[in-house]
Amino acid sequence: MLRLMFNFLLVCLFSAVALTAATLWYLVPRLPDIEALKDVQMQVPLRVYTQELSLIAEFGEKRREPVKLSEVPPLLIKAILAAEDDRFYEHPGADWQGLLRAAIQLVRTGEKTQGGSTITMQVARNFFLTREKSYLRKLNEILLALKIERELSKDAILELYLNKIYLGQRAYGVAAAAQVYYGTDIRSLTLPQIAMIASLPKAPSTTNPITDPARALERRSYVLGRMLELGFITQPEYAAAIAAPQVASLHNPAVEANAPYFAEMVRAYMLKHYGEAAYTSGYRVITTIINRLQTAANWSLRKALLEYDRRHGYRGAERHIELDAHSSEDDWSAHLAGSAPLGDLFPALVVERDEQSAVVYLRDVGPVILDWSSLSWARPYLDENHRGPAPKRAADILNLGDVVRVQLTEEGKWRLVQLPAIEGGLVAMRPDDGALLALIGGFDFQRSKFNRVTQARRQPGSSFKPFIYSAALDSGYTAASLINDAPVIFNDPGLEAVWRPENYSGRTHGPTRLREALTYSRNLVSIRLLNSIGVSKTIAYLDRFGFDVEQLPKNLSLALGSGAATPLQLVTGFAVFANGGYYVEPYFIDRIETYDGRVVMRSEPKKVCHECRSADSTRDAFALSVDTDSGALAVLESGEMDAERVISPQNAWIMDSMMRDVIRRGTGQGARELARDDLSGKTGTTNDQRDAWFSGFNTQIVATAWVGFDQFQPLGDLETGARAALPMWVEFMRTALEGMPPLILERPPGLVEVRIDPETGQLASADNSRAIFETFRIEDVPKNLSGEPIPTTHSDAVGTEDIPEQLF
């Protein structure tokens, strides 16, 4: 009997050995290559930064901040070991004691548990295996762990674990968990916070302090007890940590610069060029944005749109709620749950109303009072040109239960506002290389993601005239050339009906020098000027400024800016005047780095080099240009670094001089409040005031502001570029010009200044008391004294006798 039992046991033993050998023979060759762990690529989100490395945005499902083991606080390491694997530095990858405990548990209860999983086994599972609970997977895990321990050091394994482990709420790794739950760096964590993070690997989705605070506190207490048991903390430290309240809350990435339209442009570029890997490869994109300029752009645009909105009256509450007489603040808060702040305008519920004041409730703020000074502006909106009577009491404006918008002023006072129906865009560029310094494509990105700077093709109106005038100078005209400011009528086959253009004022002024015509934005002069130059010739010339000539009309309405252009295209065109005559491609990515700081791409745009035309300019280079349809970028290759000259320096200087007069004494006089003598620019207003523009510059910065409705509605009879858009530009430039000395474009050779008669544009006699100075190219200096016969040079120089058939 004993022999029979011995033989049976021997057969069982040999069978077990054979089965184990066969299993190992099958599994071991199929184990993954551990080399992948030596150069592992963590899934780190895409992050976008300003020039000063302030975070603009983060894109990606997983929040992770890889850290080296030396950067992790020793107490946090001890907490993780206490919670997960206190014998980590002793076992060979599999803890046989833990596995034995798990086996005994299985025999006693019949239940499989997670017991016995070491940190190394968790690394094996997280990198190579599924989370399926089976004997075969567990065996694979053990074999992998043993293999990992043979090829990697303990510290390397622990570092992988601390960066890879999922800790709930999209946080992967201990550094990300510190940010997500406590909004802090891992080096700043307290003992209770450390214990909480160390408690998360067991059940990160269900027992984290956001999902289930009570169970999370139980797990924290367990970890603190283990740390005390292992001698990692003292009894007083344990007691203080156990008594500490649970303070975790959800922290989104700490966005430090508000530039969501810019961030979306970067995201589109990265997705186009790097695919889905852009969201997981840890790229850091450093843009050309400058913090203070972006902040100024945001403030300036919102201020201008709110001022426009205020001028045109109050459109009423966003919605109305019937309030119960016994409703509480909790009820009020619930009513506001579906309304989010937009552009610093907060949703508020009207809960009380007196004769000339009201009390409104704001979530996370509570009740606030709106006095009469913050309400009395709200005359009812009738249409773009009319408002109703001024209100006399709060009941004329608000009802109990109205959901309205309020804004906190710089003085710390709340006032009634409304989300503007109008939209706008502002973009600023460095004219010497095309770097975009600030960009906002609408009132609020959450309300509308449409980027009006790069995607809205609108009529530029009179802001397009400088390009027509530049073409005229290129064709032999001067700033003193006379064009008749007189009525015209068009029977142009290219136009659908007879066109009778007028000056904005409705008046005409007779023969007018080009400088005066541009200064006061005379429409009729621009039309006659274009007619004289020729539409086809002018369109070919405009290509130099980067405009899409396919979007430009092939008729004389071009003189009034009836084509289509984006604010980005317009600011690029004005940069040619600002930098002295060179075309620069707009770009907004300075460089792209990996998460550990290795540069994988650096933009090297063509630059204006006024002095250097050196051998450096023959290096291969590339720049990133904006695709205005998608907002993405394209890579431009070139054999030289210097920007291309597209107009003569004399042309650029004279145009700059003429546009300085626009600000000194013309339609752009609103910019004089900046008290600068180096600013040039041009207003723009389209038919029926559907678009309002201002573009202006000095040699260091050029900016374009646009205001209009997305639905192409009229802005109102008085809403010109000078009234609707120029204030936005002025507000922005107030910040942009701080600390910048006046810088006027250097006068190039080949120009001379002579005295002329302002009435004729000809040379002034010595005794002419009305004489003024004008700048000419040497070859264009007038040859005649005022009063002498003038040879006809241009078909439409003076009078109406030479007007073509289409003009009468």
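The values are calculated or read from the model by the stated rules, or taken from the named source; none is laboratory data. What you see is a predicted model; the values in this text were computed from it and never measured. Don't worry about glycine lacking a Cβ; one is built from the backbone with ideal geometry, like all the others, and counts go over all protein chains shown. In case anyone asks, the SASA skips ligands and DNA or RNA and just uses the protein heavy atoms, side chains included. Shrake-Rupley method; radii C 1.70, N 1.55, O 1.52, S 1.80 Å.
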Exercise. Does any residue of segment 486-507 turn out to be more than 18 Å from GLY561 (Cβ to Cβ) and under 40 Å from the mean Cα position of the chain (by Cα)?
Worked result: no
For this session: Select from segment 277-296 the residues that are over 12 Å from the mean Cα position of the chain (by Cα) and among the polar types (S, T, N, Q) and write down the one among them that is farthest from ILE592 (Cα to Cα).
Result: THR280
Problem set entry | So GLU52, is it among the charged types (D, E, K, R), part of a strand (DSSP E or B) and under 21 Å from ALA259 (Cβ atoms) | no
Problem set entry | Residues within segment 695-721 that are open to solvent by 40 Å² or more (accessible area, probe 1.4 Å) and closer than 22 Å to ASP656 by Cα, tallied | 1
Seminar exercise, completed: Within segment 60-109, the residues that are more than 45 Å from the chain's Cα centre (by Cα) and modelled with pLDDT of 95 or more are none
Exercise. Across segment 194-217, what is the total count of residues that are crowded, with 24+ Cβ neighbours inside 10 Å and either of a type in the set (A, V, I, L, M) or farther than 21 Å from ASP85 by Cβ (or both)?
Worked result: 7
Exercise. Given the conditions (1) without any contact (Cβ under 8 Å) to a residue 60 or more places away in the chain; (2) under 33 Å from the mean Cα position of the chain (by Cα); (3) surrounded by fewer than 22 Cβ atoms within 10 Å (Cβ to Cβ), which single one is not true for GLN569?
Worked result: (3)
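In segment 361-415, which residue that is in a loop (DSSP other than H, G, I, E, B) and without any contact (Cβ under 8 Å) to a residue 12 or more places away in the chain is nearest to GLU307 (Cα to Cα)? Break it down stepwise before answering.
Let us first name the residues in segment 361-415 that are in a loop (DSSP other than H, G, I, E, B), namely 363-365, 371, 376-379, 384-385, 388-393, 397-401, 409-413.
Right, trim to without any contact (Cβ under 8 Å) to a residue 12 or more places away in the chain and you get 364, 389, 392, 409-412.
Values: ASP364: 27, PRO389: 19, LYS392: 22, THR409: 13, GLU410: 15, GLU411: 17, GLY412: 19 Å.
The residue in question is THR409.
Within the group LEU552, LEU560, which residue is under 19 Å from ALA692 (Cβ atoms) and either surrounded by 18 or more Cβ atoms within 10 Å (Cβ to Cβ) or not β-branched (Val, Ile, Thr) (or both)?
Values: LEU552 fails: under 19 Å from ALA692 (Cβ atoms).
Result of the check over LEU552, LEU560: LEU560.
Considering only residues of segment 248-300 that are among the basic types (Lys, Arg) and either in a helix (DSSP H, G or I) or more than 10 Å from VAL48 (Cβ to Cβ) (or both), which is least open to solvent (accessible area, probe 1.4 Å)? Before you say what the answer is, go through the steps one by one.
To start, the set of residues in segment 248-300 that are among the basic types (Lys, Arg) comprises 267, 272, 284, 292.
Now restrict to residues that are either in a helix (DSSP H, G or I) or more than 10 Å from VAL48 (Cβ to Cβ) (or both): 267, 272, 292.
Details: ARG267: 53, LYS272: 124, ARG292: 107 Å².
My answer is ARG267.
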Exercise. Taking interchain pairs and intrachain pairs at least six residues apart, which have beta carbon atoms under 7 angstrom, with the first residue in segment 151-175 and over 20 Å from ASP596 (Cα atoms) and at pLDDT 90 or above and the second among the small types (Gly, Ala, Ser) and open to solvent by less than 40 Å² (accessible area, probe 1.4 Å)?
Worked result: LEU167/ALA177
Problem set entry | Residue in segment 524-552 that is nearest to PRO431 (Cα to Cα), counting only those that are in contact with a Lys or Arg (Cβ under 9 Å, 6 or more places away or on another chain), modelled with pLDDT of 95 or more and polar (S, T, N, Q) | SER526
For this session: Working only within segment 410-442, note down all residues that are open to solvent by 30 Å² or more (accessible area, probe 1.4 Å) and in contact with a Ser or Thr (Cβ under 9 Å, 6 or more places away or on another chain).
Result: LYS413, TRP414, ARG415, ARG430, ASP432
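Quick one: in segment 341-381, of everything that is of a type in the set (D, E, K, R) and closer than 20 Å to PRO420 by Cα, which residue is surrounded by the most Cβ atoms within 10 Å (Cβ to Cβ)? Step through it out loud before you land on a result.
We begin by selecting, within segment 341-381, every residue of a type in the set (D, E, K, R); these are 344, 352-355, 363-364, 371, 379.
Then keep just the ones that are closer than 20 Å to PRO420 by Cα; that gives 344, 379.
Values: ASP344: 15, ARG379: 19.
Step by step, filter segment 341-381, then rank; the result is ARG379.
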Exercise. For the subset of segment 732-743 comprising residues that are in contact (Cβ under 8 Å) with a residue 40 or more places away in the chain and either crowded, with 21+ Cβ neighbours inside 10 Å or among the small types (Gly, Ala, Ser) (or both), which member is farthest from LEU305 (Cα to Cα)?
Worked result: ALA736
